[in-house]
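Just below is one structure, and these are the notes that go with it.
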Amino acid sequence: MENKGKYYITTAIAYSSGKPHIGNVYEIVLADAIARYKRMTGYDVQFQTGTDEHGQKIEEKAKAAGKTPQQFVDDATAVIKEQFDLMNLSYDKFMRTTDPYHEKQVQKIFKKLYEQGDIYKSEYEGWYCTPCESFYTESQLVDGKCPDCGRPVQKAKEEAYFFRMSKYADRLMKHIEENPHFIQPESRKNEMVNNFIKPGLQDLCVSRTSFKWGIPVDFDPKHVVYVWIDALTNYITGLGYDLDGNHDPLFNKYWPADVHLIGKDILRFHTIYWPIMLMALDVELPKQVFGHPWLLVGEGKMSKSKGNVIYTDELVKYFGVDAVRYIMLHEMPFAQDGTVTYELIIERINSDLANILGNLVNRTVSMTNKYFGGAVTNPHVSEPVDDELISMASQLKNRVEKCMNDLKVQDSLDEIIAVLRRSNKYIDETMPWSLAKDESKKDRLATVLYNLLESIRICAVILSAYLPETSERILNQIGTAKRDMDSIETFGALETDIHVVAKPEILFARIDEKEMMEKIEADHAKPVVKVSKLPEITIDDFAKVEMVVGQVVSCEKHPKADKLLVSQIDIGGEIRQVVSGIASNYKPEQMVGKKVIVVINLKPAMLRGVESQGMILAGSDGKLIEVLEVEKLNPGVSVH
């Protein structure tokens, strides 16, 4: 394989505030497919991902959970990494912004930018959105709420340091004009230029004093570095960038990045703020920033409040790793948002993976065993009907390369599926079962099966970038050692001194949609009680029960009962200890931070030697137990 040089690809770093949903994990799988493909085609690849671990939101969540911020991000990052690793990712570096080396470099960078006049101290007054960690002017708000996430904002005024963005605006515009592929897709570039750069760049707030969980400004310790200088610089510190010039060899080798792969919602930070920071540091700019669209569930963006969040481990439980990788990579168009539902997932698995791919491999291997004892031969008894299949398979490598050079991953998968679909049609055209009835056509039959096996092999080699486990299983069934990209330069490299496996393995079983949907709905359903089984009560009876919102600050297993958890709950300035029979469905760490409804005037009781001073409300269908949660109300608020 020809050495084509280096290729550095990064993803946005995930915010360590909770478990990532499939829309978050999709980006990492997309980057993984690109990284694997580049390695296959001769590039020396460095693939970096990681976590963004500072900020006010994390400080608040840690406090609510009764943890230090460091403990909180350690736990959250472990969950994020678990979700990533579940998807069979091949990243080379997992970056954390709490890494000591990164924090030291951020402090040095901030000081340098201040000393050269790019950063100055002033005062900020505006509307602040804690989840987005962003300030907005009155005119930027939508219906008085955050324009990005739609949540409430708070009036904030504090001393802060600012970066002079306008100083570099002309230089940035010139770079964008001279490098037309710097921002992709094209629609994203137009959005950045017309909506942000041309109207005039506002100076950027780069420090905060209202919270402490961040990297301290070493020459003004009451300030912490505010999100973007901290988060964005991970792309260079992760390679060992050193402000003093003592770079790790990785930085000298791989920078500038070939592509920053990010979500379209953070494009402004990566195509305006980040390039300007690099200009101020006199560091070369990345070659390309690609703002991918969102992966939507049903009718809209995933949101816990909408109840439409799907998690990766949940999908893998139902469908398997490679099927989920396929859905993530195939259902996302190049420039528009992609939509996914359980029904669509099932349909796509059945059509593309079970019928077109799995059935083809199974039939071809089975016929090779049935008619030739598994032996692969090629007597070269060709007919015109072979030409189209051989042509499509021969051109596949180049067609996929063209798609991948433009980061059109979905299109590259469509090219592979097209060859597999044509192979199935080729079986119908040549009718191997009919050829097998005529001894004089045995060599023709062997040629037909060879053409099928070779087409499958070519597809499987390329599929290793997208579905690595499935690719290996196919190539193992064929029995070939020819598994690299050089081996698919021309049609016909499949060995003829090999045997396919004696019994083909089912790659993707067809899913019964009705049965699977019933299973999924049963796993997620909330039972509906249609008939009351207890005597009627009056409103006066109900008023005797005092319920308030409480927030779980800590939780542990009961020392003497496996089914019980012991929670310490803030009910508004008072901590109550509550013992609950929910351990079969909740781990202690899952309860911490939850806002629950607590009955607080229940007579205290000793449960297996531990006092319980109330009761958490929960529902159960006999198997599933679900604690009732609230989102916006604060601890101590009455529930009635």
Query - Spans of helices (runs of 4 or more DSSP H) in the stretch 397-480 with at least 3 residues in contact with a Cys (Cβ under 6 Å, 6 or more places away or on another chain) - result: 409-430
Query raised in the report: Only one residue in V566, V578 is surrounded by 12 or more Cβ atoms within 10 Å (Cβ to Cβ), at pLDDT 90 or above, in contact with a Gly (Cβ under 8 Å, 6 or more places away or on another chain) and in a strand (DSSP E or B). Which one?
Result: V578
Query raised in the report: If you check every pair at least six apart or on different chains, which have Cβ atoms under 7 Å apart with a residue in the stretch 282-293 that is in contact (Cβ under 8 Å) with a residue 12 or more places away in the chain first and a residue that is polar (S, T, N, Q) second?
Result: Q288/Q184; V289/T271; F290/Q184; P293/Q336
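Return yes or no: is D32 among the acidic types (D, E) and crowded, with 22+ Cβ neighbours inside 10 Å?
On the way: among the acidic types (D, E): yes; crowded, with 22+ Cβ neighbours inside 10 Å: yes.
Yes; evaluated as a whole, the condition is true for this residue.
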Report task. List every residue pair whose Cβ atoms sit under 8 Å apart, with the two residues 6 or more apart in sequence or on different chains, where the first one lies in the stretch 587-611 and is on the phi > 0 side of the Ramachandran plot and surrounded by 12 or more Cβ atoms within 10 Å (Cβ to Cβ) and the second, anywhere, is assigned to a helix (DSSP H, G or I) and not acidic (D, E). Result -> G593/K61; G593/A64
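Results for (1) in contact with a Pro (Cβ under 6 Å, 6 or more places away or on another chain); (2) farther than 16 Å from N378 by Cα, shown as yes or no for each residue.
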| position | (1), (2) |
| --- | --- |
| V448 | yes, no |
| A460 | no, yes |
| Y466 | no, yes |
| A481 | no, yes |
| D484 | no, yes |
| S487 | no, yes |
| T490 | no, no |
| L494 | no, no |
Query raised in the report: Out of all the residues in the stretch 132-143, is one or more in contact (Cβ under 8 Å) with a residue 12 or more places away in the chain, at negative phi, in contact with a His (Cβ under 9 Å, 6 or more places away or on another chain) and not assigned by TED's automatic domain parsing to the domain that holds K632?
Result: no
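Let me confirm something: among T364, T312, which residue is in contact (Cβ under 8 Å) with a residue 24 or more places away in the chain, more than 21 Å from the chain's Cα centre (by Cα) and buried (at least 22 other Cβ atoms within 10 Å of the Cβ)? Steps first, please.
Details: T312 fails: more than 21 Å from the chain's Cα centre (by Cα).
Residue meeting the stated conditions: T364.
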Query raised in the report: Does T51 meet the test of being touching a residue at least 60 places away in the same chain (Cβ under 8 Å), in contact with a helix residue (DSSP H, G or I) (Cβ under 9 Å, 6 or more places away or on another chain) and not charged (D, E, K, R)?
Result: no
Report task. Considering each residue of the stretch 488-511, count those that are outside any loop (DSSP other than H, G, I, E, B) and either basic (K, R) or buried (at least 17 other Cβ atoms within 10 Å of the Cβ) (or both), and give that number. Result -> 1
Query raised in the report: Restricting attention to the stretch 132-165, which residues are surrounded by fewer than 17 Cβ atoms within 10 Å (Cβ to Cβ) and in a loop (DSSP other than H, G, I, E, B)?
Result: T137, L141, D143, G144, P147, D148, C149, G150, R151
Query raised in the report: Do the conditions hold for G619, that is, is it in contact (Cβ under 8 Å) with a residue 24 or more places away in the chain and farther than 24 Å from K61 by Cα?
Result: yes
Report summary line: If we take the stretch 313-392, then helices (runs of 4 or more DSSP H) inside it with 2 or more residues that are hydroxyl-bearing (S, T, Y) and out of contact with any His (no Cβ under 9 Å at 6 or more places or on another chain) are 359-372
Requested in this report: Write out, first by first residue and then by second, each pair whose Cβ atoms fall under 8 Å of each other, whose residues are 6+ apart or on separate chains, and whose first residue, in the stretch 237-265, is of a type in the set (V, I, T) while the second is part of a loop (DSSP other than H, G, I, E, B).
Outcome: T237/D99; V259/P286; V259/K287; V259/Q288; V259/L407; I262/A12
Query raised in the report: Of all residues in the stretch 214-230, which are outside any loop (DSSP other than H, G, I, E, B) and either out of contact with any helix residue (DSSP H, G or I) (no Cβ under 8 Å at 6 or more places or on another chain) or over 27 Å from Y128 (Cβ atoms) (or both)?
Result: V224
Query raised in the report: Residues in the stretch 105-117: is at least one over 32 Å from the mean Cα position of the chain (by Cα), more than 21 Å from G55 (Cβ to Cβ) and assigned to a strand (DSSP E or B)?
Result: no
Query raised in the report: Within the stretch 246-265, how many residues turn out to be modelled with pLDDT under 95 and either surrounded by fewer than 18 Cβ atoms within 10 Å (Cβ to Cβ) or assigned to a loop (DSSP other than H, G, I, E, B) (or both)?
Result: 2
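The values are calculated or read from the model by the stated rules, or taken from the named source; none is laboratory data. Please read these numbers as outputs of a predicted model, since none were measured by experiment. Heads up, the Cβs are rebuilt from the backbone with ideal geometry, glycines too, and the neighbour counts pull from every protein chain shown.
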